[in-house]
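First the structure, in the form of structure tokens, and then the observations on it.
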Amino acid sequence: MTLKKTAFIVNSIATNRCGAKWRRIEEYIKGSCHSCDVRVTQSDGQATHLTRDAVRSGCRVVVAVGGDGTVNEVANGLFEKGVIFDQDLVLAIIPLGSGCDLARSLGIPSKTSEAIKAVEGNSTRRIDVGMVDFVNLSGERERRHFVNIADLGGGGLVVQKANRAPRILGRRPNYLWGILSAAFSYKARMMNVSVDGGEPLRLAVRNLIIANGRYFGRGFLAAPQAKMDDGLFDIVSIGNFGTIEGMWHLPKLYRGTHLGLEKVSYFRGRKVEANSDEEVLLEMDGELVGTLPATFGIIPGALNVATR
């Protein structure tokens with residue numbers, strides 16, 4: 001893999017927050033023997049366009065340097081009109097950011113020197129990718145891919161409140177603030193949910209988790225049985241918990257022992273359709289992107305990812 005032309009798509013915000021780690025990555029890039037193309041983002045969504053430009057210029061390995069949002073944008077840049085540019089393209093990940101749950105799901109270490117070894121090596125695995133048709137924040141229909149987890153309901157509010165929290169708190173306290181704020185203010189929404197074309201279920205939902213990977217929310221084991229190469233989503237519905245009840249069971253969600261709770265429903269399937277008469281927020285890979293209605297489909301083995 002190291003003989004192939006490689007692009008590094010770098011989140012500039014993450015480099016500012018993680019200066020020491022970024023300097024080690026820079027040293028690696030400067031000292032590596034293969035052709036490198038380093039592109040640094042300056043705005044939201046830019047990583048997708050930088051990735052497409054890099055692939056069109058001949059890069060066969062694309063390294064996402066950042067958190068889950070950066071990886072999501074890079075992964076979307078590897079596709080055009082729902083089809084990957086080249087089956088031989090390789091996505092590599094160097095975790096550097098506020099949320100790195102996909103790396104955790106894939107077993108990519110957070111230690112920079114260890115993550116770099118995956119970029120240097122020749123070990124890859126093919127994983128599934130989710131594709132979603134939804135209503136974006138501008139009220140327009142959009143199609144987008146996700147690699148790890150999409151979440152309908154309270155998760156979007158957590159992201160929204162975490163993004164609005166004072167930056168002086170830091171990344172993890174911001175997210176905990178988002179969780180606590182959403183827990184006290186968010187009420188379950190009634191959703192119609194259909195799996196694999198089946199009869200729609202009418203569910204009272206605080207969170208509907210459409211999982212390809214296992215972790216979300218900075219380490220919560222949302223879908224403990226999920227596999228990223230089985231061609232199926234793990235679908236977890238967190239039901240109508242009261243505020244205190246929900247907070248009491250929150251540690252179970254973190255540990256992945258929540259599937260047996262009475263107000264938690266669990267399904268598996270290739271396609272999920274969801275709609276609601278109420279506004280329901282949609283977040284994908286840690287980024288707030290839109291609302292319902294939405295249709296989720298899985299593309300088996302769509303992406304080749306570098307591993308240790």
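Within the range 57-64, is even one residue within 20 Å of the chain's Cα centre (by Cα) and surrounded by fewer than 24 Cβ atoms within 10 Å (Cβ to Cβ)?
Within the range 57-64, none of the residues are within 20 Å of the chain's Cα centre (by Cα) and surrounded by fewer than 24 Cβ atoms within 10 Å (Cβ to Cβ).
As an exercise: evaluate residue 287 against (1) farther than 14 Å from residue 205 by Cα; (2) in the same structural domain as residue 144 (by TED's automatic domain parsing); (3) in contact with a Lys or Arg (Cβ under 9 Å, 6 or more places away or on another chain); (4) crowded, with 19+ Cβ neighbours inside 10 Å and give the number of the one condition it does not meet.
Among (1) farther than 14 Å from residue 205 by Cα; (2) in the same structural domain as residue 144 (by TED's automatic domain parsing); (3) in contact with a Lys or Arg (Cβ under 9 Å, 6 or more places away or on another chain); (4) crowded, with 19+ Cβ neighbours inside 10 Å, the lone unmet condition for residue 287 is (3).
I need the full set of residues from the range 217-265 which are of a type in the set (Val, Ile, Thr) and either in contact with a His (Cβ under 8 Å, 6 or more places away or on another chain) or within 25 Å of residue 192 (Cα to Cα) (or both), in order please.
Filtering the range 217-265 down to residues of a type in the set (Val, Ile, Thr) leaves 235-236, 238, 243-244, 257, 264.
235, 236, 238, 243, 264, listed by residue number.
Okay, residues lined up against (1) touching an Asp or Glu at 6+ places or on another chain (Cβ under 7 Å); (2) modelled with pLDDT under 95; (3) surrounded by 21 or more Cβ atoms within 10 Å (Cβ to Cβ):
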| position | (1), (2), (3) |
| --- | --- |
| 183 | no, yes, no |
| 187 | no, yes, no |
| 203 | no, no, no |
| 209 | yes, no, yes |
| 247 | no, yes, no |
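Picking from 13, 25, 9, which residue would you name as being within 24 Å of residue 57 (Cα to Cα) and either of a type in the set (Asp, Glu) or at pLDDT below 90 (or both)?
Only one candidate passes the filter, namely 25.
For the condition surrounded by fewer than 23 Cβ atoms within 10 Å (Cβ to Cβ) and part of a helix (DSSP H, G or I), what is the one hit in 105, 43, 113?
Selected residue: 113, the only one of 105, 43, 113 that is surrounded by fewer than 23 Cβ atoms within 10 Å (Cβ to Cβ) and part of a helix (DSSP H, G or I).
Got at least one residue in the range 61-71 being more than 30 Å from residue 31 (Cα to Cα) and either hydrophobic (A, V, I, L, M, F, W, C) or in contact (Cβ under 8 Å) with a residue 60 or more places away in the chain (or both)?
For the range 61-71, residues more than 30 Å from residue 31 (Cα to Cα) and either hydrophobic (A, V, I, L, M, F, W, C) or in contact (Cβ under 8 Å) with a residue 60 or more places away in the chain (or both): absent.
Where residues in the range 116-136 are over 20 Å from the mean Cα position of the chain (by Cα) and either in a loop (DSSP other than H, G, I, E, B) or of a type in the set (D, E, K, R) (or both), which of them is nearest to residue 68 (Cα to Cα)?
Filtering the range 116-136 for residues that are over 20 Å from the mean Cα position of the chain (by Cα) and either in a loop (DSSP other than H, G, I, E, B) or of a type in the set (D, E, K, R) (or both), the one nearest to residue 68 (Cα to Cα) comes out as 117.
Given (1) touching a residue at least 60 places away in the same chain (Cβ under 8 Å); (2) closer than 28 Å to residue 130 by Cβ; (3) in contact with a helix residue (DSSP H, G or I) (Cβ under 8 Å, 6 or more places away or on another chain); (4) not hydroxyl-bearing (Ser, Thr, Tyr), identify the lone condition not met by residue 49.
Answer for residue 49: the failing condition is (1).
Is it true that residue 40 is more than 21 Å from residue 110 (Cβ to Cβ) and out of contact with any His (no Cβ under 9 Å at 6 or more places or on another chain)?
Working: more than 21 Å from residue 110 (Cβ to Cβ): yes; out of contact with any His (no Cβ under 9 Å at 6 or more places or on another chain): yes.
Yes: the conditions hold for residue 40.
Does the range 142-151 contain any residue that is of a type in the set (Lys, Arg) and crowded, with 21+ Cβ neighbours inside 10 Å?
yes
So for the range 52-61 (the condition being closer than 27 Å to residue 150 by Cα, touching a His at 6+ places or on another chain (Cβ under 6 Å), not in a strand (DSSP E or B) and not acidic (Asp, Glu)), does at least one residue qualify?
For the range 52-61, residues closer than 27 Å to residue 150 by Cα, touching a His at 6+ places or on another chain (Cβ under 6 Å), not in a strand (DSSP E or B) and not acidic (Asp, Glu): absent.
So residue 243 passes all but one of these: (1) within 18 Å of the chain's Cα centre (by Cα); (2) under 18 Å from residue 157 (Cβ atoms); (3) surrounded by fewer than 17 Cβ atoms within 10 Å (Cβ to Cβ); (4) β-branched (Val, Ile, Thr). Which condition number does it fail?
For residue 243, the exception is condition (1).
Determine, yes or no, whether residue 244 is of a type in the set (A, V, I, L, M) and without any contact (Cβ under 8 Å) to a residue 40 or more places away in the chain. Lay out the reasoning, then the answer.
On the way: of a type in the set (A, V, I, L, M): yes; without any contact (Cβ under 8 Å) to a residue 40 or more places away in the chain: yes.
In short, yes.
Which ones in the range 255-294 are of a type in the set (S, T, N, Q) and within 17 Å of the chain's Cα centre (by Cα)?
291
Could you run through the range 76-102 and say how many residues are acidic (Asp, Glu) and surrounded by 22 or more Cβ atoms within 10 Å (Cβ to Cβ)?
Within the range 76-102, residues that are acidic (Asp, Glu) and surrounded by 22 or more Cβ atoms within 10 Å (Cβ to Cβ) number 1.
The values are calculated or read from the model by the stated rules, or taken from the named source; none is laboratory data. Quick caveat: nothing in here was measured; it's all calculated off a predicted structure. Using ideal geometry, Cβ is built from the backbone for each residue, glycine included, and neighbour counts are taken over all protein chains shown.
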